[in-house]
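Enquirer: Below are the C-alpha cells for one structure; questions will follow.
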C-alpha cells in the first residue's frame with residue numbers, strides 16, 4: 001500500500017518555515033510527501049526537507065470566482081495525478097478549493113485553520129462568502145485542527161464544522177532545541193530594546209506600536225524600538241516602505257529588515273511585542289520569543305491571548321489602544337532585570353508545556369495513521 005501525503009499552503013515560504021518539522025517527521029516515518037504551493041524564493045529549499053515540490057499557480061488576493069474555479073481545476077489535476085492517501089490543507093484557499101477537489105477524488109482530508117484572516121475581519125458579503133465556502137469544504141473532512149480555541153468554538157457554534165471532527169492543536173509548534181533561552185541584554189547593562197516581528201501590516205498593530213513608542217520615549221528616551229519583517233507585501237493592509245522610512249527618519253523606530261534566522265535578533269532584545277487585531281492563530285513570533293526567554297506584550301485578542309498568562313510571562317493590552325500598550329511597555333521597563341528574566345523563564349516553561357513542535361507533529365502523525373488504517377481495512381474488505 002502506498003504511503004503518500006500531500007500538504008498544500010498558500011506560499012512555499014510558509015511550507016518551509018512553518019511545516020518543516022511535520023514534513024521531516026512524515027518522511028522519517030516512511031511517507032512520500034508532496035508539497036504544493038505557489039513558487040517563490042523558498043521553493044528550491046523544500047527538497048532539503050525530503051519532500052517533492054509541485055508548483056501551483058494561486059491568486060491569494062481575495063475571492064474571484066473565475067480564478068478560484070481555475071484553482072479548483074488545478075487542484076483536481078494535481079490530486080488525480082498524484083493520488084495521495086491523505087490531503088493536508090493549510091490557509092484558506094488550499095483549505096477550501098484543495099479540500100473540495102480532494103473530496104471529489106475521494107481522498108481523505110485533514111484541514112488546519114491557522115488563522116481567519118481578512119475574510120472574517122468585517123461583517124460583509126466577503127465574510128458570508130468565505131463562511132459558505134468553509135461550510136461546504138469542511139463538510140466531509142476527516143479532521144479539522146484549529147490553532148486556537150476561539151476560532152474552533154466559533155466554527156462549531158456557527159455550523160461551519162461538525163464538533164466531532166474539530167480539535168485544537170497549539171499552533172505549528174516550536175522546535176525547542178532550535179529556540180533555546182538566551183540572557184536578556186539588560187541583564188549585563190545593555191540598552192533595553194523592544195521588537196515587533198511580523199509582516200508590516202496595519203492590522204498587526206504596527207501603527208499602535210509606533211504611537212506607543214512615541215509615548216514611552218517621552219519618559220524613557222534611551223529605550224529602543226525595532227521593527228522586523230517583510231515590507232510591501234501584497235495585502236490591502238500593507239504598510240508602505242515610504243511610511244517605514246518616515247518613522248525611521250523621525251527616530252522613533254529602527255527597521256531591521258528581514259531575516260531567515262530570527263534567533264540572533266531575538267537574543268538582542270528584551271521584549272517582543274505584537275499588538276495585533278488581525279485574528280491570529282497562535283502567533284509564531286510570540287512563541288519563538290517566549291521559547292528564547294523573552295517576555296511578550298500582545299493584545300487580548302483571538303490567538304494572541306493563548307500565548308500570554310497576563311502578568312506571568314508578559315502582559316495583555318487592549319486592542320487598538322496605543323495608550324494602554326504604552327502603559328504595558330512601561331511596566332516591562334519598570335521591572336528589574338531579574339524580574340524580566342523570571343518572566344522570560346515563565347514563558348519558556350509555558351512553551352515547553354503547551355507549544356512544543358513534537359506535540360503538534362505527533363497529533364498529526366496519529367491522525368494520519370488512523371486514516372491509513374481505516375483505508376487499509378476498506379481495501380481489505
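Every number here is computed from the coordinates shown, using simple stated rules; none is lab data. Quick caveat, the model's predicted, so the values are computed rather than measured. Here the Cβ is made from the backbone with ideal geometry for all residues, glycine too, and neighbour counts use every protein chain on show.
Enquirer: What ranking of 204, 162, 378, 350 emerges when the number of other C-beta atoms within 10 Å of each C-beta is taken as an exposure proxy, fewest first?
Expert: Lowest to highest Cβ neighbour count: 378, 162, 350, 204.
Enquirer: Same structure again: In the range 185-354, what percentage of the DSSP-assigned beta bridges are antiparallel, given to the nearest 5?
Expert: 5
Enquirer: How much length would be gained if the chain were fully extended between residue 125 and residue 246, taking 0.36 nm per residue of separation minus their Cα-Cα distance, in nm to one decimal?
Expert: Using 0.36 nm per residue and subtracting the Cα-Cα distance, I get 40.0 nm.
Enquirer: Within the P(r) computed for the range 264-341, what percentage of the Cα pairs occupies the region above 16 Å?
Expert: 44
Enquirer: For a Förster distance of 30 Å, can you work out the FRET efficiency between the beta-carbons of residue 300 and residue 175, rounded to the nearest 0.05?
Expert: Efficiency computed from Cβ-Cβ geometry: 0.60.
Enquirer: Relative contact order (percent) for the range 185-354, with alpha-carbon contacts under 8 angstrom and 6 or more residues of separation?
Expert: 24
Enquirer: For the chain, what is the mean residue ellipticity at 222 nm derived from helices alone (per DSSP H run of n ≥ 4: -39500 (n - 2.57); sum divided by total residues; nearest 500 deg cm²/dmol)?
Expert: When only DSSP H runs of four or more count, the value is -12500 deg cm²/dmol.
Enquirer: Wrap a convex hull around the Cα atoms of the range 199-263, take a quarter of its surface area, and give that in square nanometres.
Expert: One quarter of the hull surface, i.e. the mean projection, equals 4.7 nm².
Enquirer: Find the relative contact order for the chain and round it to a whole percent, using C-alpha pairs within less than 8 Å whose residues are 6+ positions apart.
Expert: 15
Enquirer: Using alpha carbons only, how many degrees (0 to 90, rounded to 10) separate the axis of helix 357-380 from the longest principal axis of the chain?
Expert: Taking the Cα atoms of the chain, the angle to 357-380 is about 10 degrees.
Enquirer: Still on this structure, I have one more. What three numbers, in Å, describe the spread of the alpha carbons of the range 74-165 along their principal axes, ordered from the longest?
Expert: 38, 27, 18
Enquirer: Under a no-solvent Debye model with one identical scatterer per Cα of the chain, what's log10 I(q)/I(0) at q = 0.07, 0.12 Å⁻¹?
Expert: The calculated log intensity ratios at q = 0.07, 0.12 Å⁻¹ are -0.32, -0.92.
Enquirer: Could you compute the FRET efficiency for residue 320 and residue 380, with r as their C-beta to C-beta distance and R0 at 45 Å, rounded to 0.05?
Expert: The value I calculate is 0.20.
Enquirer: Applying 1/(1 + (r/R0)^6) with R0 = 22 Å to the Cβ-Cβ distance of residue 48 and residue 4, what FRET efficiency is obtained, to the nearest 0.05?
Expert: For residue 48 and residue 4, the calculated efficiency is 0.65.
Enquirer: Let me ask something else. Given the C-alpha atoms of the range 185-354, compute the convex hull and give its volume per residue in Å³.
Expert: 102
Enquirer: Considering only DSSP beta bridges with both partners in the chain, what is the antiparallel share in %, to the nearest 5?
Expert: 0
Enquirer: Ok, one more. Using a 7 Å offset from Cα along Cα-Cβ at residue 339, what residues in the range 263-296 end up with backbone N under 18 Å from the label point?
Expert: 270-272, 294-296
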